[in-house]
1. Given the structure, is residue B:44 outside any helix (DSSP H, G or I), on the phi > 0 side of the Ramachandran plot, small (Gly, Ala, Ser) and assigned by TED's automatic domain parsing to the domain that holds residue B:19?
2. Of all residues in region B:18-37 being more than 10 Å from chain A (Cβ to nearest Cβ) and assigned to a helix (DSSP H, G or I), which is farthest from the chain's Cα centre (by Cα)?
3. Residues that are of a type outside the set (S, T, N, Q), within 20 Å of residue A:62 (Cα to Cα) and out of contact with any helix residue (DSSP H, G or I) (no Cβ under 6 Å at 6 or more places or on another chain): does region A:91-99 have at least one?
4. Specify which of the listed residues (A:113, A:156, A:117) is aromatic (Phe, Trp, Tyr) and outside the structural domain of residue A:85 (by TED's automatic domain parsing).
5. If residue A:288 passes every condition in (1) surrounded by 20 or more Cβ atoms within 10 Å (Cβ to Cβ); (2) in a helix (DSSP H, G or I) but one, which one does it miss?
6. Taking the criterion of being part of a loop (DSSP other than H, G, I, E, B), within 13 Å of chain B (Cβ to nearest Cβ), buried (at least 17 other Cβ atoms within 10 Å of the Cβ) and over 33 Å from the mean Cα position of the chain (by Cα), would at least one residue in region A:349-372 satisfy it?
7. Within the set of pairs 6+ apart or on separate chains, which have a first residue in region A:72-98 that is more than 21 Å from residue A:134 (Cβ to Cβ) and free of Cβ contacts under 8 Å to residues at least 40 places away in the same chain, a second that is part of a strand (DSSP E or B) and of a type in the set (Val, Ile, Thr), and C-beta atoms under 6 Å apart?
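The values are calculated or read from the model by the stated rules, or taken from the named source; none is laboratory data. Because the structure is a prediction, the values reported are computed rather than measured. We place every Cβ from the backbone using ideal geometry, glycine too, and count neighbours over all the protein chains shown.
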Amino acid sequence: MRLFAKLLLFNLLGKGFFLLIFLMSGPYVLRYFILKNTDQQLVEEKEKVISIIQKEGMQNFISEENPDIGFGSYNILKEEYILLEKIQETYANDSISIQERIIEEDEISYRVFAHTFEYAGEFYLLEIGRSLNTIEQIESIFFRISIGILFLFLAFSVFLDMTISKRIMLPFNKIIKTKIAQINEPQEFNDLPIPSNTEEFMILDQAISEMMKRIQKSFNQERIFISHASHELKTPISVLQSKLEAMFSAENLSQIQSEKLMDMQHTLQKMKKSVNALLLISKVNNAQFLKTENIEMSQMLSELLEDWAEIGQSKGVELILLENQFFVFENTNQSLCHMMIQNAISNAVKYVSKGGKITLSGIVNPDFYEIIIENEGEGIDQNLLHQVKNGLVFLKEVDKEKSGFGLQIMYKIAIFLGVQLDVKSLNGKTLVFFRFPK
Amino acid sequence: MRILLVEDEISLANEIRDFLKSENHLVDYSNTIASASDNLASNSYDFVLLDLGLPDGNGLTLLKDVSNYQKNASVIILTARSEINDKIIGFESGADDYLSKPFSFLELKARMQAILRRKSGWNKDVIQIGGFEISLNNNVVAHEGKEIKLTKKEYILLQFMVINKNRILNRFQLAEHLWGDHLDDEYQSNYIDVHVKNLRKKLGMYAAVDWLETVRGLGYKIIS
């Protein structure tokens, strides 16, 4: 996952978590504060009523003629009520509670503040209530407004995060695209600094540039070394080969002389192939090949099958092309790619059990194109294969006339071309998988 | 043809010169850039065979002299360095082909002939052997006008043998021509026998193929 997406996702998750907590606890918190506020208002209302009683007397509420009939009043929507009545004795404390009251046959829940007091030698109970329905309505309005504001804030902050992150990450993305992406092709590396005012990115850019310059330098040294080694090794071989060829063309060679010359040619060929293979491995490691060609893979597979079917036939081995789907492998090196697949087929021909068969498949998958080469016959030990893959051993086998370079060349080319190579041995079968990126 | 051979390895140069002379060509020899430059300015050549690692500099610098003085000459770069940049610069500067050392003389001959055929625009180079018509430009082999279907490798093998007719071609030379420098291993030279056997079988259905001889212990030869 890209860092930008990750940052955005974590931000979103963090805010989402916050929103979830608010959604879960919001109603309780809001209720708590609204009730607290309501209670406060009820207390203030009580103070007002008490103050009116003290100023104007009780007769505004309770008539002297019928002192046992208390005073009750509520507004038109029954949102609030006030009750004042005479009682026998006072309570120690004021109380606030939720109580059901029946007003004009409607049972309504109220937040009720009850206060007892003494006035003119009599005890009175003052009850001021506010309907819970009203409180819940306020609560609901508050909650909806809060949710709306929160969602707006979330959307705005995500947009802001995106814009700011994008801007902050711009130099980093440039470092990835223009510098780190070229890490496998140091010759193409451009050490121009990426403009940034973020100190960490500037340090990273500088560190990568310096590291790449060192790699570039060692690549160049390696390239020059390979070039010299190639010249020094191949020139004497060329001289020997030319002399051998000149001797071959002589008309008056005896049978024995011819055979001796063939033996020499054989040895020279071995040396030539070893030198070529070692130089090839070094050159592939040193990225000395261009990747500018496009290959039609189905055509390449068909041609390889044509090349190898008759050779297989001569050994009593059948080569079958099971699937050959169309795929173009772009920006690659045709001769290296051909060599890589050919080496796998050549190995299969060598290792297939007598009278067995070799199957080839070229299949297009959603994310990659895959070539599978399967042969019946004993496979290679996985530990040994791992060592070959890491360039630690050559699988030299005298009885198979193997130089031991083939598999390693395959692995090195695969790495260079960005192809995923996997060799497996299962139930007396060897399977080679090449996965080409799309 | 008149050929300028630029090669600093005297022993190799002598062998190449002898081979080219045996093919009835006139060969001038230079082992430095300076002497090659003089030769290019004063003589007219059909081919320049150019080594790159010369004692007084990179052979590629001579390609400018070739384009100045030898408008019709074809250039084949012969090198043991095999650097990708040499190859790119060589082709961009007008070289016609690039042959990595060590190479077979027969491969050199085949490349020279291919360049000549390409440059002359002559695409009807057909050689007749034993009643068969073998085209050197197209992958076509026919007998009495009837086309014979061969595989690509069989065509290449037959064409190479035809170009080098009357000469023994050993399995290594044939394998190198078919599979190039980077053979997986030496086993592939044995595959030549399979291809020749199939070639004989396919051609033998039309007429006798006694002109394609097996030279015991060595290789094959086309007699014509």
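1. No; evaluated as a whole, the condition is false for this residue.
2. Only one residue tops the list, namely B:34.
3. No - not one qualifying residue is present in region A:91-99.
4. Going through A:113, A:156, A:117 in turn, just one is aromatic (Phe, Trp, Tyr) and outside the structural domain of residue A:85 (by TED's automatic domain parsing): A:156.
5. (2)
6. no
7. Close Cβ pairs (under 6 Å, with a partner that is part of a strand (DSSP E or B) and of a type in the set (Val, Ile, Thr)) amount to A:90/A:116; A:91/A:116.
Listed here are the residues, each with its yes/no results for (1) among the hydroxyl-bearing types (Ser, Thr, Tyr); (2) more than 10 Å from chain B (Cβ to nearest Cβ); (3) touching a Leu at 6+ places or on another chain (Cβ under 7 Å).
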| residue | (1), (2), (3) |
| --- | --- |
| A:226 | no, no, yes |
| A:234 | no, no, no |
| A:244 | no, no, yes |
| A:254 | yes, yes, no |
| A:257 | no, yes, no |
| A:261 | no, no, yes |
| A:265 | no, no, yes |
| A:273 | no, no, yes |
| A:276 | no, no, no |
